[in-house]
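In what follows, a structure is listed as C-alpha cells, so that the remarks can point back to it.
Since every read-out is calculated from the coordinates, none of them should be taken as a lab result. Remember, predicted model here, so these are calculated numbers, not experimental data. Counting neighbours? That spans all protein chains shown, and the Cβs are built from the backbone with ideal geometry, glycine included.
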C-alpha cells in the first residue's frame, strides 16, 4: 500500500524533538537520504518550498539592483589559498578533485564550499574604473562542506543556497549593502515565513573566515535552540588586497574595492519545520506553501461530488490560490492525514450533504478551525483564512520568542538560565575571547549575536566581572 | 575607459566564423573564462538569457505534470557502474573526488556527468506500487564532463542544464513521454528562440549511453554546421533491471518500470548566437531577450530629455515590456553600439527635436528598420515591432535551413555536398554501422538523425549501395 508510511505515527514533539524532526522531514517527503554519505535529496515537496523561497528572495534581491551569474563549481587550490584567513577556515572541510577523466590533475581542485575566491578572481579582471562599480552579483547553487555528522536541511555535506558578492568604491557603501541585505533576509523571514528574528553582529570568534564583520539573523526553534538563519559579511578591502581588485577613481588614482557577501540556504527550511511544525507534521506558512489548499471530496463515488470539488478547485485557482484536488482512491481520513503531515495550510471538505446545503467546509491546518462557507464564496473565504493564518503564525512565533528570552546578570544566573530556560539568554560581555570560550565550555551556549538593539542590563561582564562592553544573545544552537 | 572594449571591432562573420563567435560571446559580456581550465563563468548578460530559458521551459514542463527535485552532486563509483553501457560511456570523462576534508575517501565519488544512476537509486527506494507511477522528476543543475577542447556554451567542462527523469508502468507510456518532451523542446525552440529544428531519432552509434532509443532536435547554424539542441531518451527497462526498480501492478505482480530522460543545456545559447547573430553582435529574439528595449536619450544634458526618456521607459514597462534606459555619460553612438552588440531587440531614440515633434524613433536590431512614432503610442508600437521581429527571425531561420538542405543519391554526390554545400545532406542509409563510420571517416559528416518525416529519395544506401532502410540527415556538427 502506498499508505503504509502513514500508519506509523510521528513521534510527539515534546517526547523527542530530534526524532520528531526526522519523522516530519521523512513523512512529509521533503527529503530522502542518498547513496552519498551526508548528501540529501530534495524531493518534490521539499524542493517546491525551496523554489518558492528562491523566487521570492530573488525578486527582493533584484529590486535592490542585484544581478545573477553562474560561477564554476571548482576552485583551484592556489586560488583558495590567496586569502589567508579564508583558506584556514575552509580548507579542512572541502572535497578535493584530483583526477579528471583518465588524467591525474596537476593542481587539485576543491568543490566550492563558498565562492568568494572565484568572485574575487572575476572582479580582479572586470573591474577597472569607478564606472564599473558597484558590482552586485549573486548566484543560486549548491556548495559542499565535508561534515562528520549531518541532519537534513540543518547540516549536510551538500546544501543549496544563494551567495551574493558585491564590490563597492567605498567602505561606507559596502557597510550599507551588508546591512541592507541583512534586512532583506529579516523582512523575508518575518513576512513570508512568519519567523521573527534577532538581528545583530557576530563576535570575532563567530565571524566568517576572511570577514571584517559578520551580521546575522538568529531565529528560535520550538525546542528553544537557536538557528543562524542568514548572514551578511563586510570584507572591507581584505580580499581586494589579496586578489588585487583595484579601480581608478575620478581623480584617476588606483583604489582597492570594498566587498560584501551574504547568503541564505536550504537550512531555512529546517527553521520553518522547527518553528511551526506540530505533532501531526509540517505546518507551512500560507505565503510560502507550494500547495495552499487541498480540496478533498467526501464520498467521491457519489454523483456530482468530484465535479463540485473540481469546480471549487477551479474557483480557488482562478483567485490565484495554489490549489490541488485529492481525488485518489484513498479514504478521506487518509487524505486528511496526508494534507496535515505535508503542512498544507487549508483543506476544503466537500461531500454530498455539503453540496445539498450549498456549502463547503474549510479547515485551517494550524488551529484546526473549521468554517462552513457558501460554495460561491469558498475562494474569498480561503484567502481571508490564509491571511489570518499567516498573521497568527507570526504572532505565535513572536510570543514564543519573547517567552524564551531570559536575562542573566551573574554567572550563576547565566548557567541556570542556559541549563533550565530554553531559549536565548541576554547577558553582558567584556569583549574578550577568553570569556566567550569559557562560557561555551561551561554551558555549551555560544554567542549568537550582539543585537543591533543594545541595552546595558548590567555594568559588568557576566563571566569575568570586568567592565561590560556589549550585550550579547547567548544560546544553544543548531 | 569602460568603453575600451568597444573600440576593437567584432571579426566579420564571413571572414572567420569561429573568431566572430568568440568575439560576440566576449564583447556581449555573456561569459568570461575562469581560472579552472574549460569552465566558464556566465556573466549577468549570459545568465539572464539562461534564466528566461529556464523560466519558460520549466513552465512548459510543469504543464505536463513534471515536478522538480534536487539530487546530489556526487555519484559513488559503485553506483555509476551499475548499468554497463552507461558507465562505459561516461567513466572516461568524469572528474573524481578522492579526498573529503582531511581524509582519503574509501570509495571515490564522481562529480555527476548526468544523473540517471542517482534517479534510479532513488526510484528503486520510493517506487513500490503502480500507484506510485508515473514519476515525472526534473532537476536544474550543472554537470561536469572532462573535455579536452572547449568553447563557451558549445562544449565546456561544466555546463548548466535540466535533466528530466521519468518512470512509467508501461513501455508505451515511456515512449509517449519521450516524444512528448522532444516536442516540448522543438516547440520551445521555434516559438521562443525563433529556431526551426529537425526532429528525429539518433542512430545506435549516436544514441545516449544506456538508452534504447535517443531522439534529438537538430538545428542549423549560420555557417551550415548542425547543433544537437536537445535530446530525449527512452531507456526501456534497462536501467530498471540494473537497479531493481520494480512495482506491483494491479494484479499484485512485480513489474519493471520503463524510464526516460531528456535534457536541454546552456548549449542552446550557442545556437541563439550562431543562428541569429550578425556582424554587429548578438541578435536576441524578443521573447527570450532579458532586455527587450533600450531607451537611449540623445543630447541628454538638454532640459527635459532625460525626463521624457524616463517617461517612455515607464510606459513601456507598464505595458509589460522589459525595458532599460541608458542614461550613462557615454555618447549616443557608443550606446547604440552596446545595445547592438548585446542584441537588445529594439532601441528607442529620443532627443530634443523628437520631443518638440512629439515623436520617438524606434529601431529594430535585426533589420535596422526605423519607425517614427508618436510618443504616446511608443509602447504599443514597440510591442507590434517586436512581434514582427520575432516572426521575421523565425522566417529567416527557416529559409536559411531550407536553403541548406541538399540531397545525395550517389556517394560522389554525397561527398561533393558535404564538401561544398554547407548544411544538412539528406541521403539514404542501409542501417549498418560500417557505412556510418566510413562516411564519417571520408567526409567528417556524422548522422544527425533519422527524421520523423521519412521519404525514400533512393532505393539504395548512399554509401554501400545495399538496400536503403532509412533516410538520414547528415552533416558536420558542433
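Treating the angle as unsigned and between 0 and 90°, give the value, to the nearest 10°, between the Cα long axis of helix B:267-276 and the longest Cα principal axis of chain B. Computed tilt is about 50 degrees. Given R₀ = 22 Å, what would the calculated FRET efficiency be for residue A:129 paired with residue B:29, taking r from the Cβ atoms and rounding to 0.05? Using R0 = 22 Å, I get an efficiency of 0.90. With the biggest extent put first, the Cα atoms of segment A:405-475 measure 26, 24, 18 Å across the principal axes.
Over the protein assembly as shown, the reciprocal of the mean inverse Cα-Cα separation, the Kirkwood hydrodynamic radius, stands at 30.7 Å.
A simple spin-label model places the labels of residue B:279 and residue A:106 4.0 nm from each other, with each point 7 Å out along Cα-to-Cβ. Projected label points at residue B:410 and residue A:151, each 7 Å from Cα along the beta carbon direction, are separated by 7.8 nanometres. Sorting the Cα pairs of segment B:29-276 by distance into bins of 5 Å, from 0 upward, gives 1, 6, 13, 17, 19, 17, 13, 8, 4, 2, 0, 0 percent per bin.
Angle of helix A:17-27 to the longest C-alpha principal axis of chain A, folded into 0 to 90 degrees and rounded to 10: 60°.
Hey, for a label at residue A:367 modelled as a point 7 Å past Cα toward Cβ, could you say which residues of segment A:394-418 have their backbone N under 14 Å away? Correct set: A:394-397. When the alpha-carbon atoms of segment B:252-392 are used, the pair Rg, Dmax equals 19.7, 81 angstrom. The same position residue B:101 in the other copies lies at 3.4 nm from this copy, comparing label points 7 Å beyond Cα toward the beta-carbon, shortest first.
Starting from the Cα-Cα distance between residue B:322 and residue B:374, subtract it from 0.36 nm times their residue separation and give me the gain in nm to one decimal.
Details: separation 52, 0.36 × 52 = 18.72 nm, distance 2.00 nm.
Value of the extension gain: 16.7 nm.
For the segment A:50-58, counting C-beta atoms of other chains within 10 Å of every residue's C-beta and taking the mean gives 1. In this structure, residue B:456 and residue B:399 have a Cβ-Cβ separation that, at R0 = 30 Å, corresponds to a calculated FRET efficiency of about 0.70.
Mean projection of the alpha-carbon convex hull of segment A:84-190 over all orientations, in nm²? Mean projected area of the Cα convex hull: 9.7 nm².
Could you put B:452, B:17 in order, starting from the residue whose Cβ has the fewest other Cβ atoms within 10 Å?
Working: B:452 12, B:17 17.
If I rank by nearby Cβ atoms, fewest first, I get B:452, B:17.
A Förster radius of 25 Å, combined with the Cβ-Cβ distance separating residue B:442 from residue B:16, puts the computed FRET efficiency at roughly 0.45. Shielding value for A:100-112 is 5, the average number of Cβ atoms from other chains within 10 Å of each residue's Cβ. Relative to the longest principal axis of the Cα atoms of chain B, the long axis of helix B:171-193 lies at roughly 20 degrees.
A protection proxy built from the mean count of other Cβ atoms within 10 Å ranks the segments B:431-438, A:214-221, B:384-391, most packed first, as A:214-221, B:384-391, B:431-438.
Sorting A:74-80, A:354-360 by average packing, meaning the other beta carbons within 10 Å per residue, from highest down gives A:74-80, A:354-360.
Between copies, the label points at residue B:457 (set 7 angstrom from Cα along Cα-to-Cβ) are spaced 8.3 nm, reported in nanometres from shortest to longest. Remark: label point of residue B:328 defined 7 Å out from Cα along the Cα-Cβ vector; separations to the same position in other copies 5.5 nm, ascending.
Over the Cα atoms of segment B:283-361, the radius of gyration divided by the Kirkwood radius equals 0.96; this is the Rg/Rh ratio. In this simple spin-label approximation, residue B:469 and residue B:252 carry label points 7 Å from Cα along the Cα→Cβ vector, and these lie 4.4 nm apart.
Over all pairs of different C-alpha atoms, segment B:22-92 has a mean inverse distance whose reciprocal, the Kirkwood radius, equals 15.8 Å.
Size descriptors for chain B, from the alpha-carbon set: Rg then Dmax equal 25.1, 81 Å.
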